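Worksheet: the structure to be examined is printed underneath.
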Amino acid sequence: MISAILAITGLAIVFGLILGYAAIRFKVESDPVVDRVDAILPQTQCGQCGYPGCRPYAEAIASGEADINQCPPGGEATIIALSDLLGVDAKPLNPENGEEQPKTVVVIDEQVCIGCTLCIQACPVDAILGAAKQMHTVITDECTGCNLCIPPCPVECIHIVPVKQDISTWKWPFPEGSKESEAPDIDDTVLAGSSK
């Protein structure tokens, strides 16, 4: 019995050393530009850019195969961040890929759900929880709003809803009108006050 335990332990140590050496020896270095571009993208994995996910799109941008204006979920903010990173001019969002919209998530009407699991298979981020022939639900904190789960649903029980605003998602609205007409020039104000 002890000899069997020692033999298995010895094999585990030998295989562990071999795997550790292989991990160091055959490590694949990733392109740092691809990593930085991928970090800017919204990670919705929606495929609206024409690529199967954010990482392949980042690789295409870094290699010059794709333009920086193909990500509707990221919108203008992502395009500006990518143009700053890569040193290229910002462009408007390509209308062929879609339009920028407010962030959404999906919800499943659990009374209508038949438990077919087609939405689970379609979800690229595993945000849908359920089992075969049981109701499903969406983990809203994990849902990226890619809407890829909607087309395969045979009973149309999945609905798009906007993300609820809370303290972490609320943004101060921009004022109406132009900046020049609304805000006084600081230098003129200071000069007018000092001349009195």
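Please report the base-10 log of the normalised intensity I(q)/I(0) for segment 102-166, using a Debye sum with one equal scatterer per alpha carbon and no solvent, at each q in 0.15, 0.20, 0.22 (1/Å). Per q value, in the given order, log10 I(q)/I(0) is -0.39, -0.68, -0.82. Distance distribution note for the chain: the fraction of Cα pairs above 21 angstrom is 69%.
By average Cβ neighbour count within 10 Å, what is the ranking of 30-43, 70-83, 128-141 from highest down? Numbers along the way, then the final one.
Numbers: 30-43: 16.1, 70-83: 19.4, 128-141: 14.4.
By packing density, highest mean first, the sequence is 70-83, 30-43, 128-141.
Label point of residue 30 set 7 angstrom out along Cα-Cβ; within segment 105-138, amide nitrogens under 17 Å from it belong to 125. Converting phi to 3J(HN,Hα) with the Karplus coefficients 6.51, -1.76 and 1.60 and the offset θ = phi - 60°, segment 10-21 yields x, 5, 5, 5, 5, 5, x, 5, 4, 5, x, 5 Hz in sequence order, with x at every glycine or proline. Here segment 1-77 has an Rg and Dmax of 21.4, 67 Å, counting Cα atoms alone.
Values quoted throughout were computed directly from the atomic coordinates according to the rules given, and no laboratory measurement underlies them. A quick note: this is a predicted structure, and the numbers were derived from the prediction, not measured. Quick reminder, even Gly has a Cβ in these numbers, built from the backbone with ideal geometry, and neighbours come from all protein chains shown.
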